Structure formats: structure tokens, C-alpha cells
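Structure first, commentary second.
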Amino acid sequence: MATFIPNLAISYAFLAVFLSPGIGLFQGVESFGINYGQVANNLPPPDKVLELLSTLNLTKTRIYDTNPQILSSFANSNIEIIVTVENEILSQLDDPQQAAQWVNSHIIPYLPETKITGVQVGNEVFTDDDTTLIQHLVPAVVNIHNALAQLGYSNIKVSTPSSLAVLSASYPPSAGSFKSEISGIMYQFLNFLSTSKSPFWINAYPYFAYKDSPNGIPLNYVLFNPNAGMVDPYTNLRYDNMLYAMADAVSFAIAKMGFKGIEVRVSETGWPSKGDADEVGATPMNAATYNRNLLRRQMAGEGTPLNPRMRLEVYLFALFNEDLKPGPTSERNYGLFRPDESMTYNVGLSALATSSASTSSSSSISLASSAARVKVAAPWECKSLVNLIFVYVLISRLYG
């Protein structure tokens, strides 16, 4: 406890200096968001979470319900929120009247003050253990979309996130195809996405693939580290990381169903900092490396090899460690932050300062003041180098 208080003080000092207005960690990364899970009994209240997100200059988050405290607390902020319809109530929403009632009670009261930009109808419904859910999915999605459109909110995109288990094949990416047993309902869903111009969201975790086959999958490939990569023999596209290969496998699967122009986005990806004895690779070092390298890719505004000109939209999992999540230890250790708002591990913020200094893209993360990008007072400009040095010293002291 004696070392905890000084370390926490240093964390806040670091955040206050390093993430001041105009210098935020995630500033300008338009495609980057973070998942705000709440399966815990020790998380800070929503107003404190809003402060944390604002300090980080994060402007996109996703929650797994329509928590009224969160939606109210985030009103009149610059945070865009994607909300979620719980799987348990999907069967009620295939009735248009029930769906309209849900929209009127869970969405409309918070608009437009709270920037709700999307509704996720269920989570991984196509592969849920309750196989009866899938028959309610498309009607619920259509009904919620129609209810929003009738009230003038067709700009709020309705979709559902799927796991990679919806694919019968994903390697090489051009072999991507949906499982035959879900193809009928998947076609209906894709038809809706195409008509409404909504994205296809995937929960994509290279960690799981590595954990299941650590001797067969190179760690550097899943961590975005320099590696030989792989070339798809049918397209000659080269992949230097698994996340992009996963996203393109879904794009190929969509194309094989006869659809084009549906954007694939990543609703969840991340790496656990702790796991059980059989959870190979779940370490703070690997978690920091994965998230750091992912962030660098986002800074560069990268697309996938199949869609290089379309920035891949990614939501990192997760903001906090969640102590009540069931399952193996890893499930409770995906957070960038602990519930006390101290950082779980050093994600390499000081290293990013160097890369950002040489990045001129509008999607770069401003870690130092720049007259070309950020208008700040002259005294701050004079102190930028000193503050970066100060940040380096703080990180070194805090994380060794």
C-alpha cells in the first residue's frame, strides 16, 4: 500500500501532463474506439470514466447495454457511444411494436445530447449457445432500424457483432466463407446491411489462435511485430499480421454471398495481461506489445491488404479489468486500466512520442505540440520538449 499511493500519484501526474488538451494519446485517431465493459463491482462511476476518456482524448466507446447512468453522464460530451441490446431480450424485439417501445424508452430520451451512433443487436448471436436466438436476430435488427428511421434517426447504424466462429474457413483469407448452417440467415442479415449501409462487425482475437497453437503460429505475426508474414496464394496479397487477415477473411466471405460495399469493422480485439497456466501468451509484455503495435497501425490510418484505402475501424477490448467476468483468468484481465484508474501495464506511450513526431497524417496522435497541427499558447510550445522528458522520467519510475 505504501508504494501504491505514490505510484497512483505518478499515474495521475503522467496523465495530466502527457494527455493535456492538444496532446492526447488518441487524439486524431478517427477509427479507434474502446470497449467499456461493466462486469465488475469496483469500477469508477460513469462521470469518472468520462473524465478518463476525455483525458485520453478518446471519442468513441461501446457499452454492452443501455446503462442509463452512462448515457446520462456522457451527455453534452464529445464521446460517441455504441449501445447494445442484450441477447436475453432479442425474442421480444422481433415484434415491431415492442422494438419501437424499446427505442422510445432506451434510446430517444438521451438524444441528441448523448451521441449514440450505433446499436448492436445482441453479441455473437450467430454462434451463441442458445441456438434459438438466431431466428430473432434479423427481425429485431430490422425493427429497431425502422423504429429509429421513423423518428428521424436513420443515421444511427444498427448491426450485430459476430465472432470469427461464423466462418467455416479463414485461411488463407481468400478462402473465407460462412458456415453453411447459418448461410440462410446470414444472407438476410447481409442484405439488410447492404440496404442500410451499415457495417459488419467482428470480434477478432489473434490471441485465441496463438493460445490454441503456440507452436504453429509465430508470436510476432499475431503481435504485429516485424515478421516474414504470409502471402495468400490465390490473391498474392501479403499479410504481416493476423488481425488484418481475419478482417479480410470476413470480407471474402461476404463477397461470396454476393454482396459488395459492406464495410468490415472490428468491434473487439485485445490481449490479456494475465492468464491461467494453460493460457499461453497471456502476459503484460505481450498485451503491451499487441496494443502498442495496434495503436501505431491506427496512427498510420492503415487499411487491410484487401482494402488498403479504407482505414480499418477498431474498438479495443477493454478499458478496464472486470473482476466479475466468468471463465478463465484471462477474461478478467484485458483492461488497459485497473478499476482505480491506474494503468495495468506500460503500453509504450513514451515510444509512441518518437513515431508521432515523424507522422504528418491527419490521423496521427499528437504527443508533442506542433504549430502545424495544434494551436496552443506560446508558453506551452516552449515547454513541450521539457514535458516529454518529464513524461519519460515518470514512466521509467512507474514501470521500471
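The values are calculated or read from the model by the stated rules, or taken from the named source; none is laboratory data. As the structure is a prediction and not an experimental result, all values here were calculated from the model. All Cβ positions, glycine included, derive from the backbone under ideal geometry; neighbour counts span all protein chains shown. Keep in mind that these areas ignore ligands, DNA and RNA; they rest on the heavy atoms of the full protein, side chains included. Shrake-Rupley method; radii C 1.70, N 1.55, O 1.52, S 1.80 Å.
Computed values, structure above
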| read-out | value |
| --- | --- |
| Candidate set from segment 306-318 (those that are assigned to a loop (DSSP other than H, G, I, E, B) and under 23 Å from LEU53 (Cβ atoms)); member that is most open to solvent (accessible area, probe 1.4 Å) | ARG311 |
| Qualifying residue in segment 149-159 (condition: touching an Asp or Glu at 6+ places or on another chain (Cβ under 7 Å), modelled with pLDDT of 95 or more and surrounded by fewer than 18 Cβ atoms within 10 Å (Cβ to Cβ)) | no |
| Residues that are open to solvent by less than 30 Å² (accessible area, probe 1.4 Å) and either among the aliphatic types (A, V, I, L, M) or in a loop (DSSP other than H, G, I, E, B) (or both), drawn from segment 319-335 | LEU319, ASN321, GLU322, ASN333, TYR334, GLY335 |
| Top-ranked residue of segment 29-51 - restricted to ones that are closer than 29 Å to ARG311 by Cβ and of a type in the set (Asp, Glu), ranked as modelled with the highest pLDDT | GLU51 |
| Checking ILE108 against (1) farther than 24 Å from GLU268 by Cβ; (2) modelled with pLDDT of 95 or more; (3) open to solvent by 50 Å² or more (accessible area, probe 1.4 Å), the condition it does not meet | (3) |
| Single condition PHE252 does not satisfy, out of (1) farther than 30 Å from MET285 by Cα; (2) out of contact with any Ser or Thr (no Cβ under 7 Å at 6 or more places or on another chain) | (2) |
| Unique residue being open to solvent by 10 Å² or more (accessible area, probe 1.4 Å) and in contact with a Phe, Trp or Tyr (Cβ under 8 Å, 6 or more places away or on another chain) when the list is LEU223, LEU237, LEU219 | LEU219 |
| Residue, farthest from ASN333 (Cα to Cα), within segment 180-212, restricted to residues that are open to solvent by less than 60 Å² (accessible area, probe 1.4 Å) and among the β-branched types (Val, Ile, Thr) | ILE185 |
| Sole residue being open to solvent by less than 60 Å² (accessible area, probe 1.4 Å) and over 26 Å from MET299 (Cα atoms), chosen from SER77, SER54, SER162, SER91 | SER91 |
| Of all residues making up segment 222-276, the number that are in contact (Cβ under 8 Å) with a residue 24 or more places away in the chain and under 25 Å from ASN123 (Cβ atoms) | 34 |
| Per-region count, segment 76-95, residues within 20 Å of LEU111 (Cβ to Cβ) and either in contact with a strand residue (DSSP E or B) (Cβ under 9 Å, 6 or more places away or on another chain) or touching a residue at least 40 places away in the same chain (Cβ under 8 Å) (or both) | 10 |
